[in-house]
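This report refers to the structure that appears directly beneath it.
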Amino acid sequence: MIRLSDLGQVYIVCGKTDLRKGIDGLAILIKEQFELDPFSGKVFLFCGGRRDRFKALYWDGQGFWLLYKRFENGKMNWPSNQNEVQALSAKQVDWLMKGFSISPKIKNTKARGLY
């Protein structure tokens, strides 16, 4: 498995992105809509409406990489707050690559009498 967090800081573009966009379209989106630098060496993740696939855009200093991942079983729990970009920890990136939510639910131990 490719470890995206080894490439640099990973950012998730929340909400739905038109995945028909290629490198140039995604780079323009990062620059114009979010005022971030697509040439910064950071990894930017985008998800479409189906939530069973995402794209990653990364500049390595010589050119762009565009990675595409499609899950064969199930859908991702992608943050839906439109027009927002969030930095992810390495652990959150690993969860996402395995198809899990970046914000796992915390067990309610208080309800069971555990403190």
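The values are calculated or read from the model by the stated rules, or taken from the named source; none is laboratory data. Bear in mind that the values here come from a model prediction, so they are computed numbers and not experimental data. Glycine also receives a Cβ, built like all others from the backbone with ideal geometry; neighbour counts cover every protein chain displayed. For accessibility, only protein heavy atoms count, side chains too; no ligands or nucleic acids. Shrake-Rupley method; radii C 1.70, N 1.55, O 1.52, S 1.80 Å.
Residues that are among the hydrophobic types (A, V, I, L, M, F, W, C), open to solvent by less than 40 Å² (accessible area, probe 1.4 Å) and either part of a strand (DSSP E or B) or touching a helix residue (DSSP H, G or I) at 6+ places or on another chain (Cβ under 7 Å) (or both) within region 52-75 comprise 54, 56, 57, listed in sequence order. Annotation: of all residues in region 6-17 being open to solvent by 30 Å² or more (accessible area, probe 1.4 Å) and modelled with pLDDT of 95 or more, the one that is farthest from residue 100 (Cα to Cα) is 9. Before we move on, is residue 89 under 16 Å from residue 11 (Cβ atoms) and at pLDDT below 90? No: the conditions fail for residue 89.
The residues on offer are 64, 54, 44, 39, and the sole one that is closer than 21 Å to residue 90 by Cβ and at pLDDT 95 or above is 44. In region 28-40 there is no residue that is surrounded by 15 or more Cβ atoms within 10 Å (Cβ to Cβ) and among the small types (Gly, Ala, Ser). If the condition is being closer than 22 Å to residue 7 by Cα and either without any contact (Cβ under 8 Å) to a residue 12 or more places away in the chain or open to solvent by 60 Å² or more (accessible area, probe 1.4 Å) (or both), then region 76-86 contributes only 84.
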